[in-house]
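Scroll down for the structure; my scribbles are underneath it.
The values are calculated or read from the model by the stated rules, or taken from the named source; none is laboratory data. This one's a predicted model, so the numbers in the text were calculated from it and none came from an experiment. A quick note on method: Cβ atoms are made from the backbone with ideal geometry, for glycine too, and the neighbour counts reach across all protein chains shown.
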Amino acid sequence: MYKSILLIDDNPLDNYINQFVLENENFCLEILAVQSAGDGLDFLKEKKDPALLPEIIFLDINMPLVDGFGFLEEFAKLSEEINSKSKIIMLSSSLNPRDVERAKADPYVVKFIAKPLTTESLSELVDINNI
Amino acid sequence: MPLTSKKIKTLIVEDNLGDFILIEDYLKQEFVEVSIEHAKSFKAAKEITADQQFDVILLDLTLPDASGEELILEVQLHAGDAAIIVLTGYSNKNFGVKTLSLGVSDYLLKDELVPSQLYKSIVYSIERKRVNDELKSSEEKYRTLFHSSPIPMWVFNPEDYSFLDVNQAACKHYGYSREEFLSMTIKKIRPTHDLEKLEKTTLRNKGTNNYFEGMFDHYKKNGELIHVNIQSNTISFAGNAARLVVATDLTEKIKTQREREQLIAELLQHNKDLRQFSYITSHNIRGPIAQLLGLTNLLEHYKVEDPTLSKILTGIQQVAGNFDETIKDLSGILNIKDRPSILREEINLDILCNKVHMQCKSSLDESNAAVHIDFSKAAHINFNIEYLESILLNLFTNAIKYRSKTTPLQIYINTEAVENKIILKFRDNGMGVDVDYHKEKLFGLYQRFHENIEGKGIGLFLIKTQMEALRGSVHMESKVNAGTLFTLQFERCAG
């Protein structure tokens, strides 16, 4: 079970669904949801204690202003502490294979999951324990 | 000079016997082989030239029945190809010079005649006449070329820009008569803003043998503006340097070209718009669908007691699922068509076909199917491996789905190389389809031809889309209860 997870998705309904599934699976202790890439970055930056950083970040692609890939760019510029601690899982409704390729090519993205998040896709995550 | 070895045929038109004998002697002295005819009057000369052709006619200017300029003109009419050398007396010296302008080859003063001079004059006159005739005929040919050319042509004077000559095509095309053209300068057919450019170009081309080509605007007599391709060269016209111009009107061609470019631009924009639309489809529609699915999934965690409510919720789940499937299909298809360049490679058919065969093994065994494969004639295909695998899988799946209820399924797959194509044939002995009845719908999207058999109706569409994406083609022959034959044509790539 993970300590804390960060959800980044501009749509509150998606955050609700994801939270529901996560809680149902007892995936982690703490879940925080933010609605923009900016908020997500701020959240990470203000955690002085690395122990408080989320182990997993579920990241949406389609967000206004700064999208998922924009977040990844900024994330890479964060301190080594942060980007070694938090693993990113791209969670998107996109069917575009180019999005998938691009996401998988990012060094900080460990997996791409197509929405909706389900218990099955979560169980896959838990199995791959090298996360 | 070969002339002296050839026999020279001469006619001496001379009424004075003494003069004649003298000339005859000189001729026999100077020429190895010469034939000499004698005419004592113009009438006699006329008669004899009617029957015979001469190389040279020596003509005395004062004959009993004709003399002077009139005589020369008359003789010229009957002389044929013969060179005419006029013999004059001392008193006629000035007139002798004049005869040259009448086209006479030479004039000799009888009083000063010496054999060597006579010889030289005859030989030169014959040769000169020959050269002049050739020149004239060559000029004739070019005149004809110029005047009968279907493309407007003209000659102009680069000093004062005046038209020196113009052909019929130019008159017809521009609407000016020949007289009008010859009274104009080429500036008249140019727009005023072009005149400076015209002067610069003409100056540059002057005095050189420059070939020049360029596009210009011209005005016809009726004011119509045309776009003309001008090609010009230096030409000698009446002894002076002039410019010969060929003017090809490209207005229609340019207009067609512009229209085509515009159409292409519109199509490209339209294509861009459609692609944008498909992008929207795959994003904005899929988002809500994913949410719908997500929410209906959450329902799994809650027990619904009310059977009606349960049924309704299950219905909603199914609908969401179908919706998602459709969007995924369409997206998949758009992705095939949208790829700018698709990866090709040499594919080993035995290996790939085996792989697909294994994927369908359980279904094949269930239906007691027998698969006969023969790739001996063409063992490799250059294609995209994912597409080919998908195509083979679709073909197998279809064959299994639509197998005959009564006869065990037989599948035959073989290839052959024909010219620049590889042909793959996939045949089964299943239920078949009435291809004539379904015709265009055959490879259409979401088209199904059998009731009671599961299937979305995108298999054939996918096969067609994938084949055509790499410049291949697929053809289907089938008869109800007599099986189906798919013929796939692949481009054969060298190396």
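Structure notes:
- Scanning region B:334-355 for residues that are within 14 Å of B:GLU386 (Cα to Cα), within 12 Å of another protein chain (Cβ to nearest Cβ) and either of a type in the set (A, V, I, L, M, F, W, C) or exposed (fewer than 14 other Cβ atoms within 10 Å of the Cβ) (or both) returns B:ILE336, B:ARG339.
- Residues that are in a helix (DSSP H, G or I) and farther than 14 Å from A:ILE57 by Cβ, drawn from region A:1-18: A:PRO12, A:LEU13, A:ASP14, A:TYR16, A:ILE17
- The listed residue being surrounded by fewer than 16 Cβ atoms within 10 Å (Cβ to Cβ) and closer than 19 Å to B:GLY68 by Cβ, out of B:LEU102, B:LEU108, B:LEU135: B:LEU102
- From B:GLU366, B:GLU300, B:GLU386, residue being within 14 Å of another protein chain (Cβ to nearest Cβ), out of contact with any strand residue (DSSP E or B) (no Cβ under 8 Å at 6 or more places or on another chain) and under 24 Å from B:GLY457 (Cα atoms): B:GLU386
- Considered as a group, the residues in region B:318-333 that are under 23 Å from A:LEU122 (Cβ atoms) and surrounded by fewer than 17 Cβ atoms within 10 Å (Cβ to Cβ) include one that is nearest to the other protein chains (Cβ to nearest Cβ), and that residue is B:LYS328.
- Neighbours by Cβ (under 6 Å, 6+ apart or cross-chain): first from region B:474-488, on the phi > 0 side of the Ramachandran plot; second not in a loop (DSSP other than H, G, I, E, B): B:GLY483/B:ASP428
- Count of region A:77-103 residues which are modelled with pLDDT under 90 and more than 13 Å from the chain's Cα centre (by Cα): 16
- Residue, nearest to B:ASN16 (Cα to Cα), within region B:85-127, restricted to residues that are at pLDDT 85 or above and in a strand (DSSP E or B): B:LEU87
- Counting only strands (runs of 3 or more DSSP E) that sit completely within region B:1-81, zero hold 3 or more residues that are surrounded by fewer than 13 Cβ atoms within 10 Å (Cβ to Cβ).
- Selection count where residues are crowded, with 18+ Cβ neighbours inside 10 Å, hydrophobic (A, V, I, L, M, F, W, C) and outside any helix (DSSP H, G or I), scope region B:165-198: 1
- Annotation: B:HIS147 fulfils all but one of (1) under 19 Å from B:ARG243 (Cβ atoms); (2) out of contact with any Ser or Thr (no Cβ under 6 Å at 6 or more places or on another chain); (3) outside any helix (DSSP H, G or I); the unmet one is (3).
- Options A:LEU117, A:LEU32, A:LEU125; residue that is farther than 14 Å from A:ASP10 by Cα and away from chain B (no Cβ under 14 Å): A:LEU125
- All positions within region B:470-491 that are buried (at least 16 other Cβ atoms within 10 Å of the Cβ) and farther than 19 Å from B:THR397 by Cα: B:LEU470, B:GLY472, B:GLN489, B:PHE490
- In the set (1) of a type outside the set (Lys, Arg); (2) under 27 Å from B:GLY287 (Cα atoms); (3) without any contact (Cβ under 8 Å) to a residue 24 or more places away in the chain, B:SER331 fails one condition alone, (3).
- Test for B:LEU87: is it under 18 Å from B:ASP111 (Cα atoms) and either hydroxyl-bearing (Ser, Thr, Tyr) or in contact with a Phe, Trp or Tyr (Cβ under 8 Å, 6 or more places away or on another chain) (or both): yes
- Count - residues of region A:79-111 that are away from every other protein chain (no Cβ under 14 Å), crowded, with 19+ Cβ neighbours inside 10 Å and either hydrophobic (A, V, I, L, M, F, W, C) or free of Cβ contacts under 8 Å to residues at least 12 places away in the same chain (or both): 4
- Among the residues making up region B:404-425, those that are among the hydrophobic types (A, V, I, L, M, F, W, C) and in contact (Cβ under 8 Å) with a residue 60 or more places away in the chain are B:ILE413, B:ALA417, B:ILE422, B:ILE423, B:LEU424.
- Among the residues of region B:199-254, those that are within 20 Å of the chain's Cα centre (by Cα), polar (S, T, N, Q) and part of a strand (DSSP E or B) comprise B:ASN229, B:GLN231, B:THR248.
- Residue count, region A:19-29 (criterion: part of a helix (DSSP H, G or I) and more than 10 Å from chain B (Cβ to nearest Cβ)): 3
- Any hit, region A:43-55, residues being closer than 16 Å to A:ILE113 by Cβ, surrounded by 15 or more Cβ atoms within 10 Å (Cβ to Cβ) and aliphatic (A, V, I, L, M): no
- So B:THR192, is it touching a residue at least 24 places away in the same chain (Cβ under 8 Å) and more than 28 Å from the chain's Cα centre (by Cα): no
- Pairs are defined by a Cβ separation below 9 Å, a sequence spacing of at least 6 or placement on different chains, a first member in region B:297-325 that is in contact (Cβ under 8 Å) with a residue 60 or more places away in the chain, and a second member that is in a helix (DSSP H, G or I) and loosely packed, with under 11 Cβ neighbours inside 10 Å; no pair meets this definition.
- Answer residue from region B:254-296, given it is free of Cβ contacts under 8 Å to residues at least 12 places away in the same chain and of a type in the set (S, T, N, Q) and is farthest from the other protein chains (Cβ to nearest Cβ) among those: B:THR256
- Output for region B:296-314, where each listed residue is surrounded by fewer than 11 Cβ atoms within 10 Å (Cβ to Cβ) and under 23 Å from A:LYS115 (Cα atoms): B:HIS301, B:TYR302
- When region B:437-495 is filtered for residues that are touching a Gly at 6+ places or on another chain (Cβ under 7 Å) and of a type in the set (S, T, N, Q), the ones remaining, listed by number, are B:GLN447, B:SER478, B:ASN481, B:THR484, B:GLN489.
- Scanning region A:1-18 for residues that are within 14 Å of another protein chain (Cβ to nearest Cβ) and touching a Cys at 6+ places or on another chain (Cβ under 8 Å) yields nothing.
- Qualifying residue in region B:426-442 (condition: hydrophobic (A, V, I, L, M, F, W, C), in contact with a strand residue (DSSP E or B) (Cβ under 6 Å, 6 or more places away or on another chain) and touching a residue at least 60 places away in the same chain (Cβ under 8 Å)): yes
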